[in-house]
């Protein structure tokens, strides 16, 4: 088991910068995905002692255990949970970097991952993407549909580059740069007879609640 080291932020940053490798992040991801070192070793086509040694090396870098063994397999500690979250973000960024490199080699400016709620008009989305062309940018775009809260969660996890959705008081927008693209007025769809009756006087939304 790794010894606990003093949690000095500067020392931690220096240790991570000098010793942490991408293979360590992949190992974290594999342990989370497969649950046991035996299955991780099988999936990565290596021996279990090699995986055990790599995990010990990783825990020495962090200065504390990242996982505990239980009947459910490898369970992350509090520090392990934090390390897993950061590893996912860094590996997502690495994937974006690879796609940007591929786009640049093909003569495109970038490949964008855009989150969109299902109710965004297609013409609005097409116009927004088209705005990149007059600036001389050749970008390709992947569209991901979902609810606003789910898309914002993916945005914070670096899975998406931007989101087109609806804002509301219940959504946490702290730390995000956002801009109003358009305002949408409510519309009432009613039966013909009800519509005729409602047209006799100004409509009060409170009366319909």
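The values are calculated or read from the model by the stated rules, or taken from the named source; none is laboratory data. Predicted model, so just to flag it, every value in this text is computed and none were measured. Neighbour counts are summed over all protein chains in view; Cβ atoms, including those assigned to glycine, are modelled from backbone coordinates with ideal geometry.
Please go through region 182-198 and give me each residue that is surrounded by 10 or more Cβ atoms within 10 Å (Cβ to Cβ) and modelled with pLDDT of 75 or more, ordered by number.
Those that are surrounded by 10 or more Cβ atoms within 10 Å (Cβ to Cβ) and modelled with pLDDT of 75 or more: 190, 194, 195, 196, 197.
As for region 45-64, it holds at least one residue that is farther than 30 Å from residue 166 by Cβ, in contact (Cβ under 8 Å) with a residue 60 or more places away in the chain, assigned to a helix (DSSP H, G or I) and in contact with a helix residue (DSSP H, G or I) (Cβ under 8 Å, 6 or more places away or on another chain). Reported count of residues in region 33-44, each being surrounded by fewer than 19 Cβ atoms within 10 Å (Cβ to Cβ), within 16 Å of residue 76 (Cβ to Cβ) and in contact with a helix residue (DSSP H, G or I) (Cβ under 6 Å, 6 or more places away or on another chain), is 1. Taking residue 90, is it assigned to a helix (DSSP H, G or I) and modelled with pLDDT under 90? In short, yes. Evaluated against (1) assigned to a helix (DSSP H, G or I); (2) in contact with a helix residue (DSSP H, G or I) (Cβ under 9 Å, 6 or more places away or on another chain), residue 11 falls short on exactly one condition, (2).
On the stretch given as region 147-180, residues that are in contact (Cβ under 8 Å) with a residue 24 or more places away in the chain, at negative phi and assigned to a loop (DSSP other than H, G, I, E, B) total 8.
What do you reckon, is residue 168 at pLDDT below 80 and over 30 Å from residue 126 (Cα atoms)? The answer is no for residue 168. Which of the residues spanning region 94-121 are under 18 Å from residue 139 (Cα atoms) and assigned to a helix (DSSP H, G or I)? Across region 94-121, the qualifying residues are 95, 96, 97, 98, 99, 100, 101, 102, 103, 104, 105. On the phi < 0 side of the Ramachandran plot, without any contact (Cβ under 8 Å) to a residue 24 or more places away in the chain and assigned to a loop (DSSP other than H, G, I, E, B) - does that describe any residue in region 67-87? Yes, because at least one residue in region 67-87 is on the phi < 0 side of the Ramachandran plot, without any contact (Cβ under 8 Å) to a residue 24 or more places away in the chain and assigned to a loop (DSSP other than H, G, I, E, B). Selection of region 40-96 for residues being touching a strand residue (DSSP E or B) at 6+ places or on another chain (Cβ under 8 Å) and closer than 21 Å to residue 155 by Cβ yields 84, 96. Is it the case, given these coordinates, that residue 140 is assigned to a strand (DSSP E or B) and either surrounded by 13 or more Cβ atoms within 10 Å (Cβ to Cβ) or at pLDDT 75 or above (or both)? So residue 140 passes the test.
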